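Here's the structure we're looking at; comments come further down.
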4 protein chains.
Amino acid sequence: MHKAFVLCCVVALLGGAGSAGAQDWTKSKWGPNDEIGAANYMTPELVVKAASLVKTGKTYALGIPVDSTTPAYPPRSFKITVVQPGQAGIPGLGPNKATYNDDILETWVGIGSQLDGLGHLGIEHVYYNGNKLLDFADPNGLKKLGVEKVPPMVARGVLLDMAAYFKTDVVKEGTAFNVKEIEEAAKAQGVEIRQGDVVIFHTGWLSLIGKEDKRFAAVEPGLGVEGAKYLTSKGVVAVGADTWALEVIPFESKNLFEVHQILLAMNGTYILENMDTAALAKDKGYEFLFVLGQPRFRGGVQSMINPIAIR
Amino acid sequence: MHKAFVLCCVVALLGGAGSAGAQDWTKSKWGPNDEIGAANYMTPELVVKAASLVKTGKTYALGIPVDSTTPAYPPRSFKITVVQPGQAGIPGLGPNKATYNDDILETWVGIGSQLDGLGHLGIEHVYYNGNKLLDFADPNGLKKLGVEKVPPMVARGVLLDMAAYFKTDVVKEGTAFNVKEIEEAAKAQGVEIRQGDVVIFHTGWLSLIGKEDKRFAAVEPGLGVEGAKYLTSKGVVAVGADTWALEVIPFESKNLFEVHQILLAMNGTYILENMDTAALAKDKGYEFLFVLGQPRFRGGVQSMINPIAIR
Amino acid sequence: MHKAFVLCCVVALLGGAGSAGAQDWTKSKWGPNDEIGAANYMTPELVVKAASLVKTGKTYALGIPVDSTTPAYPPRSFKITVVQPGQAGIPGLGPNKATYNDDILETWVGIGSQLDGLGHLGIEHVYYNGNKLLDFADPNGLKKLGVEKVPPMVARGVLLDMAAYFKTDVVKEGTAFNVKEIEEAAKAQGVEIRQGDVVIFHTGWLSLIGKEDKRFAAVEPGLGVEGAKYLTSKGVVAVGADTWALEVIPFESKNLFEVHQILLAMNGTYILENMDTAALAKDKGYEFLFVLGQPRFRGGVQSMINPIAIR
Amino acid sequence: MHKAFVLCCVVALLGGAGSAGAQDWTKSKWGPNDEIGAANYMTPELVVKAASLVKTGKTYALGIPVDSTTPAYPPRSFKITVVQPGQAGIPGLGPNKATYNDDILETWVGIGSQLDGLGHLGIEHVYYNGNKLLDFADPNGLKKLGVEKVPPMVARGVLLDMAAYFKTDVVKEGTAFNVKEIEEAAKAQGVEIRQGDVVIFHTGWLSLIGKEDKRFAAVEPGLGVEGAKYLTSKGVVAVGADTWALEVIPFESKNLFEVHQILLAMNGTYILENMDTAALAKDKGYEFLFVLGQPRFRGGVQSMINPIAIR
């Protein structure tokens, strides 16, 4: 019954006039069982080449600290509570007086620096590789496309400093990064975007946190629809930015989060949000070894992350 | 008032007969303001050297998937809930019919693969660098020693295959790894433990999850008190294992979690728990580039992690 | 856009062949702004009469204790955590050494003894008084029909002892209570069902908790579709039972939770689940003063309750 | 070990100079196994008498709506999330198109209108009837004194309108209610406080919520130490107020929450906080039938409540 309904909707969509769905996006080029998408672009050869980019030994935490004040897409929130179980009124446990803190987390995963897994965004309840919501979205954890399946993301990282490109500290909201901007910025930096790369935009937007939280979370500069198609055509593994949603907002059309749909659902390309790129940009660290090991919540849609850049 | 009481207790402890407190452990060798301990051993030179270990391009996720069945130290628990906000009964948002899953996490941080921060274990309510609980343990997040302060952990990783050393698949619970065992296992593998390393024990214990959960979580083979002092004297950054608590249980004496105290409180050495070392051990990957970017929960005691080994 | 879609669906439904929607159920007889439904049946006169039923002074807690083992409709769960903030290692706060426990709740509201508010069940995303989901279901709390709006439920309570009626301790699952059963049981007890009453069925089913949890939560005896219509025609305020969902399961037809739809959505009649009726039944307490003050979670769908019966 | 330490502390306390501990408070007059304290004062006779107070049939919800903005004692917080499990993109479940909302609660119990159970406040980690923290405070729920054990609280309610007594709308913070104030206010109203009563103070303080939240939660008028002893000597079951902590703040001495200690720990007398007394006061409803059925969280310290007053 449910399946019939969804199917009917999908058919309607596919027959629609220029809606987000391309002809055969529901079939992954990595086969009907594929759940990891663009992570397939990673190869041992590329890992070795990426590791060879390490020259200075300088490391960068791309993840930001997150707490209950971190701006987030509604109704997301974060709360951590520190407790000392069983230690009230005693000097400690055992003759060695062991004492300890523990912490409890009540949070939406999509807050702070985050990896969007392939089960995050869909088109009319159809997700990457044609997976239908009713088939895989168990309330206790996705049965397919769970974030625990994403392999170690070890790749050549490329930073595109869009703030430098636009000669500003903070790129204005609504500024779209499409083919022209991406190619010109890359050229200005002398870098090339290749298959297997992780591409990250620096816009300066993250610097608004704590200063202009409302503005930060309402709009942003970012990737445009054309740019998203361009990057997926290049075969990148993931695209990130120092913004909360990667894509340009206000959106370029009436479509909502269409860049998310193109990257995640249609191409299996991962999204990295709220990446702290300030130090990399300052150091002109345009090429680096990118390493991401995401916490592996089984059936998770997203993961709370802190990728490391190494030069 | 509180401070006076704690102080009195500490004095009593220090004057005690052979309790865990060494003479001056409350003063870090990195100065009175240091909050990162053995992470100070990492240097750009060592990062470059560690990166040069990458030869095959093979990568390993050391983090395990975690769900509500993952065995954990009581009363720790984990729950993830997948939701589709605002999408009941509609084909999607906007003309492009955007749909999405989101996930909510209710969890204790100390479950699954985890990093123990320096605010985790103390001696009579005194923690690394002499920090007293009442001075830094706010219920909404530690004011000092929070896990968000741990810098990117990029180091030479050394795997000690204790299962191979003991010629077994799963090392027996209660088996302590002290100087003899560590030195002999390292020698057998042809590796040397150096300052700035991350040392991880493979015991096979993790293979019990899902088969013998009660046994898994009740006891384990692991690091002994002498071994812990030996490793800290070598200047390692972190010590990990494929067990839930790193240290040997039943404990070697009546002291509880004394190895945790030696590593975290007395030496600022990090602990990595539930590391999935099976593939590394199988590949005899005894030396590798170790990269850990932990989610940066502000004021967090621990973090949920997935370190990456690269060879 | 969303509204158009839902409207279209509703029209389709209303035109359907014998689906649950009656002709004008989306319009409350208490006016277009009414949010409390059958609670309107309560009057001061009836409260005074109900209070006059108190003869013995015996009181009954109709709520059951709830903990993490309480069987619940998936994926609902319950967890309580007791902590002692700021008291580790100290004798207490202030010269008077005040110490305290606090508790943290992570729970789905629909577990244990619960009140179903009028925002709980709908028909094709339309709820009591024609409220459409997209108009009132904010993720941070319902904007209409929230459980905080339910007035004090003080009424004549009527217990129908269906276990006695069927001459058994535990009425068998799948046994439907319709007009015949309700009228005969009431007659056998010598009670009459009147406007403004709260009617509660005793089936013995609750006694399965802790013994046959799976059976308890999978099926149950209970109110049938005809019975539900009969009770709403009588003008009762609420209907409850010592079962987890009030209505008979397996359902009487292919319709799912149709009794919930009839009571909540179509008539604004409240539902009380997991009522502990054993002591009342044993005492033949067929008429009593029923008092329910539900915790007033703003925008809540349900509430965790413990109604009191007084005889 | 732990027990020895606590015992030592208790001895120290009892030997102290005039600290909060009276000679034999650790022994309940209802016997060594008693866990319900002053609830023992309730009798069927008193219930019948209390029910006879119902004359007008008017009912009052004493509980307030609670949401994430409700001021609370740090680090307490409240969050409710409304979800529609399994309904994204479908018209409903089954041929009858059943749809539903559910709600998830992440909250500290001690927020909004609350019942303090006897396991809430102690003196140097010793609680009502001499229960020592280490003996009963399991992190997963109190093993003794849990709030699920409190019997139905059905009693004569007495409102003391302290705002009227002080001829003001909102009694000033720091104003203590002791014997003089209580006796004079009762006399002015023509009511007498008797054994088995539930006594509730109206101060107008609750009207500050939403207007002066910081002031509301920082200080308050309320019961003084002498007044607390006076009320327990009268044999009341519970004492409440339209304030967040019942007792006067700033405190009368350097002792912290001493009134809580006297009521809960030393006498087993319950506390009701954030009671909405405005309508009762306006109606001069000084005597009424008080009915409280608290949600029965097993092992809970407190409960989220909405007592009903009926006149």
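The values are calculated or read from the model by the stated rules, or taken from the named source; none is laboratory data. Everything quoted here is computed from the prediction, not taken from an experiment. Note: ideal-geometry Cβ built from the backbone for every residue, glycine included; neighbour counts use all protein chains shown.
Return the residues of region D:88-105 that are within 8 Å of chain C (Cβ to nearest Cβ) and on the phi < 0 side of the Ramachandran plot; say none if nothing qualifies.
Taking region D:88-105 first, the residues within 8 Å of chain C (Cβ to nearest Cβ) are D:91-105.
Passing the criteria: D:91, D:93, D:95, D:96, D:98, D:99, D:100, D:101, D:102, D:103, D:104, D:105.
For region B:146-179, which positions are among the aliphatic types (A, V, I, L, M), part of a loop (DSSP other than H, G, I, E, B) and crowded, with 19+ Cβ neighbours inside 10 Å?
Result: B:150, B:171.
Say whether the condition of being under 30 Å from residue D:298 (Cα atoms) and among the acidic types (Asp, Glu) is met by at least one residue in region C:109-122.
yes
Given the options A:193, A:182, name the one that is part of a loop (DSSP other than H, G, I, E, B) and within 16 Å of residue A:240 (Cα to Cα).
That would be A:193, the only listed residue that is part of a loop (DSSP other than H, G, I, E, B) and within 16 Å of residue A:240 (Cα to Cα).
Taking the condition touching a Gly at 6+ places or on another chain (Cβ under 8 Å), facing another protein chain (nearest Cβ under 9 Å), closer than 28 Å to residue C:52 by Cα and among the small types (Gly, Ala, Ser), does residue C:241 pass?
When the stated conditions are applied, residue C:241 does not pass them.
Output the number of residues of region C:32-51 satisfying the condition of being facing chain D (nearest Cβ under 8 Å) and in contact with a helix residue (DSSP H, G or I) (Cβ under 8 Å, 6 or more places away or on another chain).
1
In region D:106-120, what count of residues is obtained for those that are at the interface with chain C (Cβ under 7 Å from one of its Cβ atoms) and charged (D, E, K, R)? I'd like the intermediate steps shown before the answer.
Of all residues in region D:106-120, those at the interface with chain C (Cβ under 7 Å from one of its Cβ atoms) come to D:106-110, D:119-120.
Restricting the remaining residues to those that are charged (D, E, K, R) gives D:106.
So the count comes out to 1.
Being in contact with a helix residue (DSSP H, G or I) (Cβ under 6 Å, 6 or more places away or on another chain) and more than 7 Å from chain B (Cβ to nearest Cβ) is the filter here, so list the residues in region A:61-74 that pass it.
Quick first cut of region A:61-74, residues in contact with a helix residue (DSSP H, G or I) (Cβ under 6 Å, 6 or more places away or on another chain) only: A:65, A:71.
If the condition is that a residue be in contact with a helix residue (DSSP H, G or I) (Cβ under 6 Å, 6 or more places away or on another chain) and more than 7 Å from chain B (Cβ to nearest Cβ), then A:71 is the only one that fits.
I'd like the residue in region C:122-132 that is within 13 Å of residue D:99 (Cα to Cα) and surrounded by fewer than 24 Cβ atoms within 10 Å (Cβ to Cβ) and, out of all such residues, is farthest from the other protein chains (Cβ to nearest Cβ).
C:131
If I filter region A:281-294 for residues that are among the charged types (D, E, K, R) and within 11 Å of chain B (Cβ to nearest Cβ), do I get at least one hit?
Here is the first cut: in region A:281-294, the ones among the charged types (D, E, K, R) are A:282-284, A:287.
After this cut, where a residue has to be within 11 Å of chain B (Cβ to nearest Cβ) as well, the list is none.
No.
Could you say which residue among B:214, B:229 is more than 17 Å from the chain's Cα centre (by Cα), among the basic types (Lys, Arg) and at pLDDT 95 or above?
None of the others qualify; the one that does is B:214.
Which one of D:67, D:116 is surrounded by fewer than 24 Cβ atoms within 10 Å (Cβ to Cβ), under 22 Å from residue D:272 (Cα atoms) and in contact with a strand residue (DSSP E or B) (Cβ under 8 Å, 6 or more places away or on another chain)? First the steps, then the outcome.
Working: D:116 fails: surrounded by fewer than 24 Cβ atoms within 10 Å (Cβ to Cβ).
Selected residue: D:67, the only one of D:67, D:116 that is surrounded by fewer than 24 Cβ atoms within 10 Å (Cβ to Cβ), under 22 Å from residue D:272 (Cα atoms) and in contact with a strand residue (DSSP E or B) (Cβ under 8 Å, 6 or more places away or on another chain).
Could you run through region A:52-64 and say how many residues are surrounded by fewer than 23 Cβ atoms within 10 Å (Cβ to Cβ), among the hydrophobic types (A, V, I, L, M, F, W, C) and within 22 Å of residue A:194 (Cβ to Cβ)?
1
Can you say whether residue D:37 is in contact with a Leu (Cβ under 7 Å, 6 or more places away or on another chain) and small (Gly, Ala, Ser), as far as the supplied structure shows?
In short, yes.
Given the residues B:21, B:16, B:37, which is the only one that is at pLDDT below 95 and surrounded by 20 or more Cβ atoms within 10 Å (Cβ to Cβ)?
B:21 is the lone residue from the list that is at pLDDT below 95 and surrounded by 20 or more Cβ atoms within 10 Å (Cβ to Cβ).
A quick yes/no check of all residues on (1) closer than 28 Å to residue B:97 by Cβ; (2) touching a strand residue (DSSP E or B) at 6+ places or on another chain (Cβ under 8 Å):
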residue	(1), (2)
A:198	no, yes
A:222	yes, yes
A:233	yes, no
A:240	yes, yes
A:243	yes, yes
A:246	yes, yes
A:254	yes, no
A:259	yes, yes
A:311	no, yes
